[in-house]
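For reference, the structure is listed below as structure tokens.
The values are calculated or read from the model by the stated rules, or taken from the named source; none is laboratory data. The shown structure was predicted, so the numbers you read here are calculated from the model rather than taken from an experiment. Ideal geometry is used to build each Cβ from the backbone, glycine not excepted, and the neighbour counts take in all protein chains shown.
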Amino acid sequence: MPSAEAPPDRPSYKNIQWAELVELDLSLFDTPEGRQDLADQLKDAIHTSGFFVVKNFGIEEEKIENEFKICKELFELPLEEKLPFHFPERMAMGDIRGYRPIGSKLIGLEIRMPDSSLGELLGLIMSRKNFKKEHKDNVQFYNVPKHDGVHDMKHPAPLQDNIDEIQEFTKEINEKIVHKILTLVGLMLELPNPDILIKDHKSAQNVPSEDLLRLMRYNAIPVEDSDANNGLYAASHVDFGTLTCSFRQPVAGLQILYKDDVWRWVRPMNDGVVVNAGDWLAAVTGRWCRSGLHRVHAPPAEQIHLDRHAVIFFSRPNHDTIVQCVRDSPVLQKMGVKWNEEGIDEGLNSQDFMRDWIARLKRQQVKFALMEKVPEVHGR
Ligand SMILES: O=C(O)CCC(=O)C(=O)O
Ligand SMILES: [Fe+2]
């Protein structure tokens, strides 16, 4: 890695605060003692920041390497070969399959809601304000949905040519990482059946879900442009689903907001997966599992010239899942967790829960806009 001296006002390895994330060695999962030990380690992490790292999860390095290779090939394609896979209206409604080009979102505010009068309202409010510069993002990504008979679609060649491997890869992530973490959550909460959450995250292809594999590329941009965006590549947000699994990321950028209100950086890493809890897991555990606010900052000075590629799996509940909080957890009972503080409607299926979630975000954005405050928080 180059060791360029950072100008004093830019974050550099020397002056940034790193997040100290727990590392779970999943090779210990196979014995009851090992599982309990991992559950104990997870308890604090999932409650305080909602983020942790998993290692030794048993997916071969060549497979991970291959996903990054596909990711790079995909984004090397000319824009006109990717645009036929971009469906903005569908995306605005929460169906986020396919390609999203650079500049689709404004950092710090989200006014692209062509589907609703809320969008028009926001547009009006925003146009009254005198924004000197458009703070557009610099990221392009592609969401590959689960091959489940509901979400099937054709993809650009680098994906289509490898679609069987990609689907196999996501199945492995689900079974070798997501299911194991869900068991650890069950153990940590002392649920009568610690595996209870797995049944809502089946990987079989005939079980529809909103699971997706996201391939991303953040192009390195001139320092002045990233400064104009308050140094951000992606605005702060929480993830919707159960668990987000981000494969090894040698270019720093991801930041987590801790309870002390300090943004801490996730260390660049050459192996391991950064995992975070999403809003679904938070909701069913009475917010004991924290759906942590995070964002992507332009890399530190030493890496600011590098493009940043990411391979991220978003695990989400199967369509036939009904929202049901784990009220039978003695741990949560002892903690006096307040169920449904946010009015989560138990009994909804996972798709209605998602629609409700999106509607809440929109209401929140309108509220911020009416307050004439830049709404930094949105969901992804
Ligand atoms: O690029 C990253 O490391 C994180 C991206 C992210 O948070 C998201 O896509 O939801
Ligand atoms: Fe995210």
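Observations on the model:
- Selected residue (only one of 236, 291 is within 13 Å of ligand 2 (Cβ to nearest atom) and in a strand (DSSP E or B)): 236
- Which listed residue, of 191, 184, is assigned to a helix (DSSP H, G or I), out of contact with any His (no Cβ under 6 Å at 6 or more places or on another chain) and more than 16 Å from ligand 1 (Cβ to nearest atom): 184
Yes/no matrix, rows are residues, columns are (1) modelled with pLDDT under 90; (2) over 23 Å from residue 143 (Cβ atoms); (3) among the β-branched types (Val, Ile, Thr):
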position: 274; (1), (2), (3): no, no, yes
position: 285; (1), (2), (3): no, yes, yes
position: 288; (1), (2), (3): no, yes, no
position: 314; (1), (2), (3): no, no, no
position: 317; (1), (2), (3): no, no, no
position: 322; (1), (2), (3): no, yes, yes
position: 329; (1), (2), (3): no, yes, no
position: 338; (1), (2), (3): yes, yes, no
position: 341; (1), (2), (3): yes, yes, no
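Let's see how each residue does on (1) at pLDDT 95 or above; (2) surrounded by fewer than 22 Cβ atoms within 10 Å (Cβ to Cβ); (3) in contact with a Gly (Cβ under 9 Å, 6 or more places away or on another chain):
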| position | (1), (2), (3) |
| --- | --- |
| 189 | yes, no, no |
| 196 | yes, yes, yes |
| 207 | no, yes, no |
| 217 | yes, yes, no |
| 228 | no, yes, no |
| 231 | no, yes, no |
| 238 | no, no, yes |
| 242 | yes, no, yes |
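- Answer from 277, 252, 310 - the residue that is more than 11 Å from ligand 1 (Cβ to nearest atom) and surrounded by 21 or more Cβ atoms within 10 Å (Cβ to Cβ): 277
- Condition met for residue 67 (in a helix (DSSP H, G or I), surrounded by fewer than 18 Cβ atoms within 10 Å (Cβ to Cβ) and at pLDDT 95 or above): no
- Pairs linking a residue in the stretch 231-257 that is among the acidic types (Asp, Glu) to a residue that is buried (at least 21 other Cβ atoms within 10 Å of the Cβ), with Cβ atoms under 6 Å and 6 or more positions apart or on different chains, are 239/278.
- Residue in the stretch 320-330 that is among the aliphatic types (A, V, I, L, M), assigned to a loop (DSSP other than H, G, I, E, B) and over 23 Å from residue 211 (Cβ atoms) present: no
- Leading residue by the ranking (surrounded by the fewest Cβ atoms within 10 Å (Cβ to Cβ)) among those in the stretch 259-270 that are touching a strand residue (DSSP E or B) at 6+ places or on another chain (Cβ under 6 Å) and in a loop (DSSP other than H, G, I, E, B): 267
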